[in-house]
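Below is one structure, written out as structure tokens; the observations come after it.
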Amino acid sequence: MKPTLPGAPQLQRVGDALQLDGCDLDALARQFGTPLYVYSQRAMLEALAAYRRALAGRRHLVCYACKANANLAVLQSFACAGCGFDIVSAGELARVLAAGGAASRVVFSGVGKTAAEMRRALQAGVRCFNVESLPELERLSQVAEALGVPAPVSLRVNPDVDAGTHPYISTGLKTDKFGIAHAQAREAYRFAASLPGLRIEGIDCHIGSQITQVEPYLDALDRLLDLVESVEADGLRIRHLDIGGGLGITYRDEQPPQAEVLVRRLVQRLDERGHGHRELLLEPGRSLVGNAGVLLTEVLYLKTAADADGKHFCIVDAAMNDMARPALYDAWMAIEPCRLRGGTPRRWDIVGPVCESGDWLGRDRELDLRPGDTLAMLSAGAYGMAMSSNYNSRPRAAEVLIVDGRPKLVRARESVAALFAGEYLLQD
Ligand code: LLP
């Protein structure tokens, strides 16, 4: 049996060729050049639809966490589908608005919002601020009062549950920097209610990313509901529950719950505890876009190190500046040739041109390769381009979105001139 590819169902091996949404990826690499990100709009919208199916008939808002992939055309695709957005900066707000997103469907998360960002978001009319500390509550109230626009707030509570994921992307333990400690949250709501510029709307948490089990979500939800009950006993009203994002995807052999399963379990718990009437907000990022994208790269050179047990290196034209996840999190991401050769495979370390030993994309991969081949790094739609940099003065990759089976360039390859366009030479 042919092994299935981790990724969206739109990613298929047809004969020797790798296709995304019916487009031949090797041909796209030749047409647009490499490194190249390619995404399937269909895969993204189907992932969104899965969340919504399970929420049908309930008041809800899915807010795409645009930090995962903030390309304008990606945001536009979600905006046209009526999706909301989770933002963490004024930059993301500007992108959402430029892409046609509605501010009234935007929640503003993040542990360090500046006064200027708060002002901008209030002027735009965002749906809610997810506030993470008492001083942030005070600052927001001051900014809102000065503008004469009350600020809608949720408190991001740190429920102290273990999401069972990589420490860098776990956020719901009390040792993490995020949120207001569960034990202090009731008092924090009283404090928020005493501030003149704020209007309490909801409660929020986000426990981590690449979560592969339902249980941590249910634990977090239980902790939130306990708080809702005590906060409401104090005479305050909590209208919505935002349980954040974090649902994992399959990079290799992980088996995260389907979005529909996760959501059904959550709403079932809400109903059981008598909170089924409340509006439910979700902030998925990776699970909407991760498996919808690939990063294409060309094999530049093959070499064998003489003194390292004959280790074989495949040097490609994409690097840690294009895709930081392996270097940063030791992340394993599948790498597939865009054309299968069918020859004898060899074990390769797939590495980039950046001058760091940490610049690798995959290790010990059994592949039959030749210079000039195109490789596809799978599940690269989330936290790929969004985390790219110009390290080593490398211009960032181009991006293509496949819409109705047709490839559209949605970001031009960055030019070298653009890299230092904002810099100044010293005069004299
Ligand atoms: N909401 C908040 C407040 C968040 O901080 C995040 C992600 C999300 C929603 C979306 O989480 P998701 O559904 O995508 O898991 N760069 C890392 C992931 C960092 C996630 C940061 N926060 C990676 O490449 O694995």
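The values are calculated or read from the model by the stated rules, or taken from the named source; none is laboratory data. In this text, all values refer to a predicted model and were calculated from it rather than measured experimentally. Methodologically, a virtual Cβ is constructed for each residue, glycine included, from the backbone with ideal geometry; neighbour enumeration extends over all protein chains shown.
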request  = Report, by residue number, each residue of segment 200-211 that is under 22 Å from K177 (Cα atoms) and either of a type outside the set (G, A, S) or assigned to a helix (DSSP H, G or I) (or both).
outcome  = I203, D204, C205, H206, I207, Q210, I211
key: Selection count, segment 30-42, where residues are buried (at least 24 other Cβ atoms within 10 Å of the Cβ) and either without any contact (Cβ under 8 Å) to a residue 24 or more places away in the chain or not polar (S, T, N, Q) (or both)   = 5
request  = Output the residues belonging to segment 9-52 that are more than 15 Å from V294 (Cα to Cα) and under 21 Å from the mean Cα position of the chain (by Cα).
outcome  = L45, E46, A47, L48, A49, A50, Y51, R52
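Every residue, every condition in (1) within 29 Å of P35 (Cα to Cα); (2) more than 16 Å from the ligand (Cβ to nearest atom); (3) not small (G, A, S), yes or no:
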| residue | (1), (2), (3) |
| --- | --- |
| G274 | no, yes, no |
| L280 | no, no, yes |
| D317 | yes, yes, yes |
| M320 | yes, no, yes |
| M323 | yes, no, yes |
| R339 | yes, yes, yes |
task = Output the qualifying pairs, or none if there are none: Cβ atoms under 7 angstrom, residues six or more apart or on different chains, first residue in segment 371-385 and away from the ligand (no atom under 16 Å from the Cβ), second residue outside any strand (DSSP E or B) and not hydrophobic (A, V, I, L, M, F, W, C).
result = T374/D26; T374/T34
message = Return the pair list, or none, for Cβ contacts closer than 9 Å from residues in segment 270-296 that are of a type in the set (F, W, Y) to residues that are more than 16 Å from the ligand (Cβ to nearest atom) and assigned to a helix (DSSP H, G or I), at least 6 apart or on different chains.
response = none
task = For D359, state whether it is in contact with a strand residue (DSSP E or B) (Cβ under 9 Å, 6 or more places away or on another chain) and of a type in the set (D, E).
result = yes
remark   = Of the residues in segment 301-318 that are surrounded by 14 or more Cβ atoms within 10 Å (Cβ to Cβ) and under 30 Å from D24 (Cβ atoms), the one that is nearest to the chain's Cα centre (by Cα) is A318
message = Can you confirm whether G208 is over 20 Å from R273 (Cβ atoms) and either assigned by TED's automatic domain parsing to the domain that holds N158 or touching a Phe, Trp or Tyr at 6+ places or on another chain (Cβ under 9 Å) (or both)?
response = yes
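For every residue, the table says whether it meets (1) in contact with a helix residue (DSSP H, G or I) (Cβ under 7 Å, 6 or more places away or on another chain); (2) not in a loop (DSSP other than H, G, I, E, B).
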residue	(1), (2)
R370	no, no
A376	yes, yes
Y383	yes, no
S389	no, no
P395	yes, no
I402	yes, yes
V410	yes, yes
R413	no, no
E423	no, no
